[in-house]
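To start, the structure under review is shown below, and the notes come after it.
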Amino acid sequence: MLALFDLDNTLIDRSGGLENWARGFVRSRRLGEAAESVICERLRDRAYPADFVHLREVLGLSDGPGDLWREYVDGVARSARCFPGVREGLEALRDEGWTLGVATNGAGDIQRAKLAATGLGPLFHGICVSGEIGARKPAYAHFEAAAALCGARLSAGAWMVGDSPETDMEGARVAGLRTAWVAGGRAWTDGLPEPDVVVSGALEAIGVMRAAV
Ligand SMILES: [Mg+2]
């Protein structure tokens, strides 16, 4: 059976890593207090090189946007942390014969740097990053490519684990996958069909999937 996982705030604590990085960056440039929230607000959902063209301007930085992006990629990858127990859970799934994939929206360099820094990368049979394949979740093409990169087919049955109701859950449901929503204390989005299961984190989702086979 194939299991696809979102990366940010599903396998790794992206929010915590971003805040850590922003705090250190603001200190290193001696920026005012408001700068930290300006950075976090801009990069909350996703970060691309173009965001640093904007931030450079509004924060009045002299660094080149390309240098800022590289500083961000290195810093965020260094501070990326996998949620407790998730690595062991993924290893257990692999040992039981599951095929594991990452299905993530974002730029290839930052997403792969985080997978490398946390040591999670080698656990997956395939890693699908929207910036590398030109299709973002919730597009069917993204899920299809993720399965193909794992050497699998969606039609053989698959799960998707993720924290976004719109991109992860609705995209996967339409693509015919079973869905496990990492709620993180949030309420479900009104108007969307509900996920198959609601879990507190990826580790609980792994337990549900193992029990469902
Ligand atoms: Mg996410």
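Tabulated data
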| quantity | calculated |
| --- | --- |
| Any hit, segment 73-96, residues being surrounded by 15 or more Cβ atoms within 10 Å (Cβ to Cβ), in contact (Cβ under 8 Å) with a residue 12 or more places away in the chain and among the aromatic types (Phe, Trp, Tyr) | yes |
| Scope segment 122-137; condition in a helix (DSSP H, G or I) and open to solvent by 30 Å² or more (accessible area, probe 1.4 Å); matching residues | 122, 131, 132, 133 |
| Counted residues, segment 138-161 - those being within 15 Å of the ligand (Cβ to nearest atom) and within 22 Å of residue 89 (Cβ to Cβ) | 4 |
| Residue, nearest to residue 24 (Cα to Cα), within segment 34-47, restricted to residues that are in contact (Cβ under 8 Å) with a residue 24 or more places away in the chain and touching a helix residue (DSSP H, G or I) at 6+ places or on another chain (Cβ under 8 Å) | 35 |
| Residues located in segment 166-176, provided they are of a type outside the set (Asp, Glu) and either outside the structural domain of residue 139 (by TED's automatic domain parsing) or open to solvent by 10 Å² or more (accessible area, probe 1.4 Å) (or both) | 167, 173, 174, 175, 176 |
| Residue in segment 95-102 that is assigned by TED's automatic domain parsing to the domain that holds residue 172 and farther than 22 Å from residue 172 by Cβ present | yes |
| Members of segment 186-213 that are of a type in the set (Lys, Arg) and in a helix (DSSP H, G or I) | 210 |
| Set 11, 61: member being crowded, with 18+ Cβ neighbours inside 10 Å and either within 30 Å of residue 171 (Cα to Cα) or in contact with a helix residue (DSSP H, G or I) (Cβ under 9 Å, 6 or more places away or on another chain) (or both) | 11 |
| Residue within segment 52-66 that is within 16 Å of the ligand (Cβ to nearest atom) and not in a helix (DSSP H, G or I) present | no |
| All positions within segment 1-41 that are within 12 Å of the ligand (Cβ to nearest atom) and β-branched (Val, Ile, Thr) | 10, 12 |
| Subset of segment 4-22 (residues that are modelled with pLDDT of 95 or more and of a type in the set (D, E, K, R)) | 6, 8 |
| Every pair of residues 6+ apart whose Cβ atoms lie under 6 Å, when the first sits in segment 162-185 and is in a strand (DSSP E or B) and within 11 Å of the ligand (Cβ to nearest atom) while the second is among the acidic types (Asp, Glu) and open to solvent by 10 Å² or more (accessible area, probe 1.4 Å) | 182/163 |
| Residue among 90, 18 that is out of contact with any Asp or Glu (no Cβ under 9 Å at 6 or more places or on another chain), assigned by TED's automatic domain parsing to the domain that holds residue 107 and part of a helix (DSSP H, G or I) | 90 |
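The values are calculated or read from the model by the stated rules, or taken from the named source; none is laboratory data. As the structure is a prediction and not an experimental result, all values here were calculated from the model. When we count neighbours, we look across all protein chains shown, and the Cβ atoms used for this are built from the backbone with ideal geometry, even at glycine. Please note that ligands, DNA and RNA were not included when accessible areas were found on the heavy atoms of the full protein model with its side chains. Shrake-Rupley method; radii C 1.70, N 1.55, O 1.52, S 1.80 Å.
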